[in-house]
Amino acid sequence: MAGKGGVGKTTVVAALAVVAARSGLSVLIAEVEGKSGLSKAFGVNDLEYEEIVLSKGISARTLTPDAALSEWLQGNGLGRIARRLNASGILEIVATAVPGMKDILVLGKIKGLEQSKAFDLILVDAPAAGHAVSFLTSPLGLLEAVGVGPIKTQASDVVAMLSDPSRAQVMLVTTPEETPVREAIETAFALEDRVGVALGPIIVNGIYTDNLTITSENELGNTDLFDHTALQESISLDAQVSGYPLSTAEISDIAAAISFRHARSRVQSHQADELSKSLPIPQLRLPYLFDGEIGFPQIERLADALSAQIESLPDPLIGEPAGKNE
Amino acid sequence: MNKADLGTSAEDQPEITFASLLAESRVIICAGSGGVGKTTTAAALAIQAARSGKRSIVVTIDPAKRLADALGLPGLAPDPVIIDDHLWMRSDDSTSGQLSAMMLDPKATFDALVARYADGVEQSERILANSFYRSISSALGGTQEYMAMEKLHELSECGDYDLIVVDTPPSRNALDFLDAPERLLRLLNNRVFRVITAPARTGFRAAGVAVQTLVRAISRVIGTEVVDDIVAFFRAFEGMEEGFRERAMSVRALIAESTTQFVLITSPRRDAVEEAEYFAERIGDHGYRVSGLIVNRVHPMFGSEHGDTLRSRAAALRGLPATETAPASARDRLSQYLDVLADFQSVGSRERHNLDGVQLRLGRGAAVAFVPFLARDVHSIEALDEIAALIFVTPT
């Protein structure tokens, strides 16, 4: 799962995990870029390298390059030098000399988890959009840079996983705003061209649902939602016939709120349409939650919204028994 | 340092406003997490400065073309570009102002630095051709950010600008430039590699068994070619550390100057506010302080009634039986209106709760501005004007 900072990527990862767990899959959420707020939403402490259970069917852990490296060195009979490497500062030199080495360590670990079949689904909360591309291109870069050795083997195994749609897909997350949409489009093309990884549906998060019936069937249906005077008259009329008087101030507040919501909603639909035009892949749309705070109940609501839409997708994305990374 | 201590050093200082900050600063460093409108805000600050008659420049390290978007430009060159007056200047602006923008090219900046401190063309060419060198500028954490500071130093020295606004990259490591000079110097001075490279005549033999074992182990993992490149780099770099060290010191001195200010940009979301507080701590740890806080994308609130009250009123209204004079449809709509209001009250009060006390924690006396969620998208000069107006009129 990849997306620009601030689009709610982690929340969407959590919601998707809930969807999968509800259908009986065992899910692992892997955090790869420091603390993401996931643990807070589930009401647990910050994630560690060691796996923890977040809720029924959902586990989570954080995958840091350093921890993955020492584990990998030990697995390759180099455990003895691991500590010295770190202390001498050579590790930093090596990581610098081989760009993407840290990424490959993390991706290699994910590949190992995938092949262990311990989980039906692995959801990777990837680095923010621009970095997601370099994160996922690192194995290819390494194949070119490093001629021999276990790192090369690791890289080609990861490339094999990434280029097999039945094993790995990338789901992009965006909000319906100009910059995130544009970045999502750029990322999508970069990922397809440079990584060759399959794209799953794109998630458009934070949509202001304009579910007010005022946009149809009534006096307000014909009211210009930016025309405050007309808006106030319609509200006032509804209040009168309902026998529920509102103060002038209240009517004016309601009118302003409706106008604002409508304006945002218009910008958003425009951006979501732009996204469809540039990126012909299915969209899963999630509502903006006015609760202002994301906890488990909110994640469940998003999961409900996702479930409903996933069912209507042409190919079931979730629900295959095979392990999958996104 | 704990959060409560933040800004205590600022207690005696006079209150800052964004107007005074702009008037008195020569450098403004904008920091904040991703998706909070940092680039746009940096551009808005630079425009405001230009409109007040300053020669300002906004520098971004962002690989995306976001700044170019905000300025309505097709793209930015790695060298400063002067933005056409007619794009941003208004009739009542001072005519002495000038607005420039540039997108940083960290590699080119690093190359220039090498050329500057190399002992002749031969040494600099040897370094520039080395593939380990090429990795340093992209793979060493914070190097890109550090190169932004290096460029900042250069722009500051050249005297072409009264104000330089720097936009930092949107990552958790956005403040890595603060540590980057040390990290770079530490790498260049690595003891093990100095042992390997210093007695160039005797090579690995002089390095001792322990080091040899280590180097062999590394070669097994990443290949001998890569290791050879590294060794060649350290040999080529010999003698240049001093120049780099001095340069790092003068960059640091520039950041420490009283005319260099840090402005934090955040959104009112809890995670963004926490990130901003973390940034403030790190900035404080380095002995600098935050002079301004700009909170973008604040939801508007309408009226003062509590969200929950509005929601129960809406529910009550829905529960009333329909009568001939009070049709269900009108009541339904009315309850929805109240729900819309409740939505904004809920999110608005939650955001204000997130921001509670943030001013105190981020730095007493710092200028604070709130920029509401704009109903339209922000990629035009008009929108930047609107943002600037909001920043510069908000009472602190």
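Computed from the coordinates by the stated procedures, all read-outs in this text should not be read as laboratory data. This one's a predicted model, so the numbers in the text were calculated from it and none came from an experiment. Please note: Cβ atoms are built from the backbone with ideal geometry, for glycine as well, and neighbour counts cover all protein chains shown.
Could you run the Karplus curve 6.51 cos²θ - 1.76 cosθ + 1.60 with θ = phi - 60° over the range B:266-274 and give me ³J(HN,Hα) per residue in whole Hz, x for Gly and Pro?
Computed from phi, the couplings for the range B:266-274 are 8, 10, x, 5, 4, 5, 5, 5, 4 Hz.
Given the rule -39500 (n - 2.57) for each run of at least 4 DSSP H residues, summed and divided by the residues of chain A, what is its mean residue ellipticity at 222 nm, to the nearest 500 deg cm²/dmol?
-16500 deg cm²/dmol
What list of ³J(HN,Hα) couplings, whole Hz, do you get for the range B:47-54 from phi and the Karplus terms 6.51, -1.76, 1.60, once you set θ to phi - 60° and write x for glycine and proline?
Couplings: 5, 4, 5, 4, 5, 8, x, 8 Hz.
So for the pair B:Ala23, B:Ile82, with labels modelled 7 Å out along Cα→Cβ, what separation do we get in nm?
My value for the distance between the label points is 2.7 nm.
Just to confirm a number: summing +1 for Lys and Arg and -1 for Asp and Glu over residues other than B:Val393 whose beta-carbon lies under 15 angstrom from that of B:Val393, what do you get?
With Lys, Arg at +1 and Asp, Glu at -1, the net is -1.
Counting only other chains, and only Cβ atoms inside 10 Å, what mean value do you get across the residues of A:170-180?
2
Determine by what factor the alpha-carbon radius of gyration of the range A:55-194 differs from 2.2 N^0.38 Å, reporting the quotient.
Ratio of Cα Rg to 2.2 N^0.38 Å: 1.13.
Report the full-extension gain for the segment B:Glu125 to B:Leu320: residue separation times 0.36 nm, less the Cα-Cα distance, to one decimal in nm.
Additional length available on full extension: 61.9 nm.
Just from the alpha-carbon atoms, what are the Rg and Dmax of the range B:255-392 in angstroms?
Spelled out, the Cα radius of gyration and Dmax of the range B:255-392 are 20.7, 74 Å.
Taking the alpha-carbon distance from A:Lys152 and a cut-off under 15 Å, which aspartates and glutamates remain once sequence neighbours fewer than 8 residues away in the same chain are dropped?
Within the straight-line cut-off, A:Lys152 pairs with A:Asp103, A:Glu144, B:Glu225.
Could the peptides A:198-208, A:13-23, B:123-133 be put in order, highest first, of the mean number of other beta-carbon atoms found within 10 Å of their residues?
Taking the mean over residues of other Cβ atoms within 10 Å, the ranking is A:13-23, A:198-208, B:123-133.
If we sort B:286-293, B:152-159, B:43-50 on the protection proxy, mean other Cβ atoms within 10 Å, highest first, what's the order?
B:43-50, B:286-293, B:152-159
Amide H of A:Ala198 versus every other amide H placed in the peptide plane: which residues, excluding those fewer than 5 positions away on the same chain, fall under 5 Å?
A:Val170
Report for chain A the percent antiparallel among DSSP-assigned beta bridges with both residues inside it, nearest 5.
Within chain A, antiparallel bridges account for around 10 percent of the total.
Using a 10 Å cut-off around each Cβ of peptide B:309-321, what is the average number of partner chain Cβ atoms that fall inside?
Mean partner shielding for this stretch: 1.
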